[in-house]
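Below is one structure, written out as structure tokens; the observations come after it.
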Amino acid sequence: MAAPLTAIGDRTFGSLRRHRNFRLFFAGSSVSFVGTWIQQIASYWLILQLTDSAVAVGALALVQTLPVTALSLVGGAIADRVNLKRMVIACESILCVQAALLCVLAATGHVQAWQLYALGLVRGVALALNAPARHTLVFQTVGRDDLTNAVALMASLGTTARILGPAIGGIVLAVSGPAEAFGLNAVSSLVGIGAILAIHLSPRPQREEGPQSVLGGIGETLRFAVSSRRVAVVFFTLLLVSTFAFNFDVLLPLVAKLTLDAGPRTYGLVAAVFGAGALTGALTLATIGKARVALVLGGALGFGTLQLVLAEQTTVAGVCVLLYLAGIFYILWGSSSLATLQLAAPEHLRARAASLYFFGFMGGAPLGGLIAGSLTAHGGTRLAFTVAGTLAILVVAVGSGALLASRSAARKAEIARSEAQA
């Protein structure tokens, strides 16, 4: 019994066991990710205290997510032209200074709403530029064979931080206040920077074509997105399902308040259950260790189907069971999409493939959040989940049909060539 369990453990955590650089990156990220969520909770709480307005909370979320839509592809184009470590350290340093400024402003009592918006915008820009470089740095630390495993482990880390960070942030806010929460995030950023400085990477090969403009790099990224039927199906599945079916940041508090007629404790419970499912999905994908389009489509199909069932639930137990399962399928299609896109990209497009994933996953969030909120206002969370699930299933059906048509055409072409040669 012990031997099979040991083998499973070796597969699940293989990239950590085999790569020193990834161990350093993972350890630093484990601290900085928790700090990020501590600051997130503190920022939203503080803006609510300053304005007593739910609209203000939504506006703060918007200024932090819009840069992703506008700049994530730019970040990928830049990351493919510069030293990855230096770019990540520069972005992390900006995030560290931003957190430190918030700490000082909150501690001195001079913080105002406009400052939170301005610094939130700075944070959004830094994250949009940083994410493609960080994802590509993961590839550089583990290589092709261990990429899917490493991506899944990073997803498990992000999910764990999403559970621990708000819990710690809530305690810090209650005991000390927002200034201390911002200060903890600044310190966590320093830990992350230190880990990246300790990483030693071989230089990336340079393109023979010479330097390329940022706009030219973005154009090449978009051409890669439709360069093959397989890549196009993965990208558009990611983009459309994320935009129209993954709006849980908007819907989960509404489920707790409107559908279950409960308060913040229930909201915390359902959010934690979804996170636990995502952690299970991440560890499952790490054990599988392979990037397959079937996992992208199958995960999206399961995610959409579960939302159709979730639409009919009115009990805490029913909602929790379905959210746990939805968390598993969410990771299967989301993280598999990242690994598939990066493995399909040539070396000179590695960071831009990561930026394509980031754009697909987050670029439609502002629009998707507005749609989810509007649907809930008209027909409750039942309508919002029904529409989301239906659209996800439709996207999978179209993507599967496109792949089957491509394979059928390829077989016919092969038969025609064989007959011509005969």
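Checked against (1) surrounded by fewer than 20 Cβ atoms within 10 Å (Cβ to Cβ); (2) touching a residue at least 60 places away in the same chain (Cβ under 8 Å), T280 meets all criteria but (2). Restricting V111, V88, V142 to those that are over 15 Å from the mean Cα position of the chain (by Cα), farther than 29 Å from F13 by Cα and not assigned by TED's automatic domain parsing to the domain that holds R265 reduces the list to V111. Among the residues here, T69 qualifies as under 19 Å from the mean Cα position of the chain (by Cα) and among the β-branched types (V, I, T). Within segment 44-54, the set of residues being outside any helix (DSSP H, G or I) and over 19 Å from A106 (Cβ atoms) is empty. Selection over segment 291-305 of residues that are small (G, A, S), over 17 Å from the mean Cα position of the chain (by Cα), surrounded by 22 or more Cβ atoms within 10 Å (Cβ to Cβ) and more than 27 Å from K257 (Cβ to Cβ) gives a count of 0. Checked against the criterion of being on the phi > 0 side of the Ramachandran plot, modelled with pLDDT under 90, surrounded by fewer than 16 Cβ atoms within 10 Å (Cβ to Cβ) and not in a helix (DSSP H, G or I), segment 201-210 contains one or more residues that satisfy it. Could you count how many residues in segment 112-170 are modelled with pLDDT of 90 or more and over 29 Å from L343 (Cβ atoms)? Matching residues across segment 112-170 total 12. For segment 169-184, the condition holds for no residue, the condition being that it is in the same structural domain as A70 (by TED's automatic domain parsing), among the polar types (S, T, N, Q) and in a helix (DSSP H, G or I). Within segment 362-389, residues that are more than 18 Å from L306 (Cα to Cα) have Cβ atoms under 8 Å from residues that are charged (D, E, K, R) in these pairs: G369/D249, counting only partners at least 6 apart in sequence or on another chain.
The set of residues in segment 10-43 that are out of contact with any Ser or Thr (no Cβ under 8 Å at 6 or more places or on another chain) and either among the acidic types (D, E) or outside any helix (DSSP H, G or I) (or both) comprises D10, F13.
Residue under question is T314, and the condition is that it be crowded, with 24+ Cβ neighbours inside 10 Å, β-branched (V, I, T) and either assigned by TED's automatic domain parsing to the domain that holds G399 or in a helix (DSSP H, G or I) (or both); does it hold? In short, no.
All of L137, L157, L116 fail the test of being assigned by TED's automatic domain parsing to the domain that holds L66 and more than 20 Å from the chain's Cα centre (by Cα), apart from L116.
Within segment 225-271, the residues that satisfy the criterion of being part of a helix (DSSP H, G or I), at pLDDT 80 or above and hydroxyl-bearing (S, T, Y) are T237, S242, T243, T259.
The rows are residues; the columns are (1) modelled with pLDDT under 85; (2) in a loop (DSSP other than H, G, I, E, B); (3) among the charged types (D, E, K, R); (4) not assigned by TED's automatic domain parsing to the domain that holds A286.
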| site | (1), (2), (3), (4) |
| --- | --- |
| Y324 | no, no, no, no |
| G334 | no, no, no, no |
| S337 | no, no, no, no |
| L341 | no, no, no, no |
| L349 | yes, no, no, no |
| R352 | yes, no, yes, no |
| F358 | yes, no, no, no |
| P366 | yes, no, no, no |
| L370 | yes, no, no, no |
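In summary, L308 fulfils each of the numbered conditions (1) over 30 Å from G216 (Cβ atoms); (2) within 20 Å of the chain's Cα centre (by Cα); (3) touching a residue at least 40 places away in the same chain (Cβ under 8 Å) with the single exception of condition (2). I288 passes every criterion in (1) aliphatic (A, V, I, L, M); (2) touching a Lys or Arg at 6+ places or on another chain (Cβ under 9 Å); (3) crowded, with 20+ Cβ neighbours inside 10 Å apart from (3).
Only one residue in G299, G289, G275 is touching a Leu at 6+ places or on another chain (Cβ under 7 Å) and within 30 Å of D146 (Cβ to Cβ). Which one? One residue alone meets the criteria, G299.
The values are calculated or read from the model by the stated rules, or taken from the named source; none is laboratory data. Predicted, not measured: the structure shown is a model, and the values here were computed from it. Backbone-built Cβ (ideal geometry, glycine too); neighbour counts: all protein chains shown.
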